[in-house]
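The values are calculated or read from the model by the stated rules, or taken from the named source; none is laboratory data. On a predicted model such as this, the values are computed, not experimentally measured, just so you know. Glycine gets a Cβ as well: all are built from the backbone with ideal geometry, and neighbour counts include every protein chain shown. Surface areas here come from the heavy atoms of the whole protein model, side chains and all, with no ligands, DNA or RNA. Shrake-Rupley method; radii C 1.70, N 1.55, O 1.52, S 1.80 Å.
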Amino acid sequence: MLLPMTTQPEQQNGVGTQDSFQRLWTPHRMAYIQGENKPTGPDAGDGCPFCGIPEMSDRDGLVVARGKHVYAVLNLYPYNGGHLMVVPYRHVADYTELDANETVELADLTKRAMVALRKASGAHGFNIGMNQGSAAGAGIAAHLHQHIVPRWGGDTNFMPVVGHTKVLPQLLADTRQMLADAWPSD
């Protein structure tokens, strides 16, 4: 259902100076800012969400695909729609700690994620990488995870550049289902 267009901005008391701008509220980001789901320490038993996700259903954990050694999961706080992470089941912090089988499967699921994202969303390109350690920007430094962020030509517009806000037009559960359906088989 489309909302009717108005010629006057909706006035809301308590939102600051009336400046003719509509407000885009993203209250879900506050959970990330306040550290929700962050581990209390470096060990697997310290509340590591990446250790808990495999125990959940795919739907509840936002898991798109499972391998023997690693799994692909939607980022709960995505940089772009479809932002996936490939995560080893084993609680390791550093890429050099992966064994050969984990390394191979991490690479394979990364490739499969790219195929699924291209098929499901027509992604034009990707940012792929790992932040190793807190100093490098890892939000959860104690458990390795590789980001696969789909990109499209022109996807950086005034919202993230000027407004420091990313608009995601789809619920994570719907994105998870779309990518799971597009995931390539063995």
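Matching residues to (1) of a type in the set (A, V, I, L, M, F, W, C); (2) open to solvent by less than 30 Å² (accessible area, probe 1.4 Å); (3) outside any helix (DSSP H, G or I):
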| position | (1), (2), (3) |
| --- | --- |
| R59 | no, no, no |
| L76 | yes, no, yes |
| M85 | yes, yes, yes |
| T103 | no, no, no |
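Scanning region 63-73 for residues that are in contact with a helix residue (DSSP H, G or I) (Cβ under 7 Å, 6 or more places away or on another chain) and surrounded by fewer than 21 Cβ atoms within 10 Å (Cβ to Cβ) yields a total of 5.
Could you say which residue among T96, T110 is at pLDDT 95 or above, under 21 Å from A136 (Cβ atoms) and open to solvent by 40 Å² or more (accessible area, probe 1.4 Å)?
Only one candidate qualifies: T96.
Within region 60-80, is there a residue that is within 20 Å of A182 (Cα to Cα) and of a type in the set (S, T, N, Q)? Scanning region 60-80 turns up at least one residue that is within 20 Å of A182 (Cα to Cα) and of a type in the set (S, T, N, Q). Every condition in (1) touching a Phe, Trp or Tyr at 6+ places or on another chain (Cβ under 9 Å); (2) assigned to a strand (DSSP E or B) is met by L144 except one, and the failing one is (2).
Does I128 qualify as being among the aliphatic types (A, V, I, L, M) and either open to solvent by 50 Å² or more (accessible area, probe 1.4 Å) or assigned to a strand (DSSP E or B) (or both)? Yes.
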